[in-house]
Every structure is written in structure tokens, then in C-alpha cells.
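K.L.:
Right, I'll just put the structure down here and ask away after.
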Amino acid sequence: MKWQQVDSPDAAHVVVLDPGEEAVAALTGFARDAKDYLRTAVDEQCEVLSLLGDVTVGEEGPTTRPHAVLALINLPHGAAPGSDS
């Protein structure tokens with residue numbers, strides 16, 4: 001497997017698998033090694049607009065991968081969570 005981070009606002013990655021390489025195992029390993037997930041703490045009231053994900057069971061037991069879209073209730077228009085604006 002070869003990979004390269006592409007210059008973009010989203011910090012996208014291009015991953016190319018070797019012939020015959022098992023896709024799920026390779027991409028799971030890549031995701032574990034990258035460990036550059038964006039974690040955002042939300043300690044204020046918000047509305048859950050979407051909550052998707054999956055649960056997998058591996059050697060270490062069940063693992064969840066949630067993906068959420070939140071609407072922050074008291075945030076001024078255009079302000080980022082945790083900012084002073």
C-alpha cells in the first residue's frame with residue numbers, strides 16, 4: 001500500500017493498494033496508523049442533526065465509529081466552536 005496526503009482544505013489522503021491486497025484490512029490499518037482524527041469537544045446545548053456510524057467486533061472487543069452533525073444552538077453565525085467570536 002502507498003499513500004500520500006494531498007494539499008487541500010480537507011487534508012485528504014490518496015491511498016493506492018497493491019494488487020491482491022485486502023482492501024478492508026489495509027484501510028483499517030491505515031486509519032489506525034494515521035491517528036489524525038479531528039476531535040471537537042462540545043460542552044454546550046446542541047441539536048443532533050445526523051448520527052451515523054458502525055459497530056465492529058475485533059480481538060479487543062466491540063468498537064464504535066460514530067459520525068455526528070450537530071447544530072450549536074447559542075453560537076453566533078459563522079463562529080467556530082471554542083472560539084471567542
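The values are calculated or read from the model by the stated rules, or taken from the named source; none is laboratory data. Source: prediction; values computed, not measured. Glycine also receives a Cβ, built like all others from the backbone with ideal geometry; neighbour counts cover every protein chain displayed.
K.L.:
Being surrounded by 10 or more Cβ atoms within 10 Å (Cβ to Cβ) and either in a strand (DSSP E or B) or modelled with pLDDT of 75 or more (or both) is true for just one of Leu49, Leu27, Leu75. Which residue is that? Talk me through it step by step, then tell me what you get.
P.N.:
Numbers: Leu49 fails: surrounded by 10 or more Cβ atoms within 10 Å (Cβ to Cβ); Leu75 fails: either in a strand (DSSP E or B) or modelled with pLDDT of 75 or more (or both).
After applying the criteria, what remains is Leu27.
K.L.:
Here's another thing I want to ask about it. Show the residue pairs that are 6+ apart or on different chains and have beta-carbon atoms under 8 Å apart, the first residue being within region 51-70 and closer than 14 Å to Ala31 by Cβ and in contact (Cβ under 8 Å) with a residue 12 or more places away in the chain, the second being surrounded by 10 or more Cβ atoms within 10 Å (Cβ to Cβ) and hydrophobic (A, V, I, L, M, F, W, C).
P.N.:
Once the first residue is closer than 14 Å to Ala31 by Cβ and in contact (Cβ under 8 Å) with a residue 12 or more places away in the chain and sits in region 51-70, its partners that are surrounded by 10 or more Cβ atoms within 10 Å (Cβ to Cβ) and hydrophobic (A, V, I, L, M, F, W, C) give His67/Leu51.
K.L.:
If you don't mind, there's one more thing I want to ask. Go through (1) within 14 Å of the chain's Cα centre (by Cα); (2) at pLDDT 80 or above and name the single condition Tyr37 misses.
P.N.:
If we test Tyr37 against (1) within 14 Å of the chain's Cα centre (by Cα); (2) at pLDDT 80 or above, just (2) comes out false.
K.L.:
Kindly indicate the residue of region 7-24 that is modelled with pLDDT of 80 or more and not in a strand (DSSP E or B) and also nearest to Ala71 (Cα to Cα) among those meeting that condition.
P.N.:
Among them, the one singled out is Ala23.
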